[in-house]
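> This structure is in structure tokens; I'll ask about it shortly.
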């Protein structure tokens with residue numbers, strides 16, 4: 001049986017954790033930053049967990065994660 005392919009877009013956006021969760025970067029930090037407050041931009045830093053309702057679809061895109 002051939003190996004399953006990982007979706008390359010998902011591989012760039014998600015990382016698997018040792019605990020079994022999946023982490024992702026936060027959205028809305030790319031452009032049009034002048035109208036966003038410093039507090040709001042600071043809250044968008046770093047990583048967060050993928051929501052439990054989306055984990056099944058993310059795992060389907062990344063079969064070996």
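The values are calculated or read from the model by the stated rules, or taken from the named source; none is laboratory data. All of these numbers come straight from a predicted model, not from anything done at the bench. Note that each Cβ is placed from the backbone with ideal geometry, even for glycine, and that neighbours are counted across all protein chains shown.
> Limited to segment 7-65, what total is found for residues that are touching a helix residue (DSSP H, G or I) at 6+ places or on another chain (Cβ under 8 Å) and part of a strand (DSSP E or B)?
Of the residues in that region, 4 qualify.
> Criterion first (out of contact with any strand residue (DSSP E or B) (no Cβ under 8 Å at 6 or more places or on another chain), in contact (Cβ under 8 Å) with a residue 12 or more places away in the chain and surrounded by 10 or more Cβ atoms within 10 Å (Cβ to Cβ)) does residue 6 satisfy it?
Numbers: out of contact with any strand residue (DSSP E or B) (no Cβ under 8 Å at 6 or more places or on another chain): yes; in contact (Cβ under 8 Å) with a residue 12 or more places away in the chain: yes; surrounded by 10 or more Cβ atoms within 10 Å (Cβ to Cβ): yes.
For residue 6, the condition - out of contact with any strand residue (DSSP E or B) (no Cβ under 8 Å at 6 or more places or on another chain), in contact (Cβ under 8 Å) with a residue 12 or more places away in the chain and surrounded by 10 or more Cβ atoms within 10 Å (Cβ to Cβ) - is met.
> Is at least one residue of segment 20-37 surrounded by fewer than 11 Cβ atoms within 10 Å (Cβ to Cβ), modelled with pLDDT of 95 or more and under 18 Å from residue 6 (Cα atoms)?
No, that holds for no residue.
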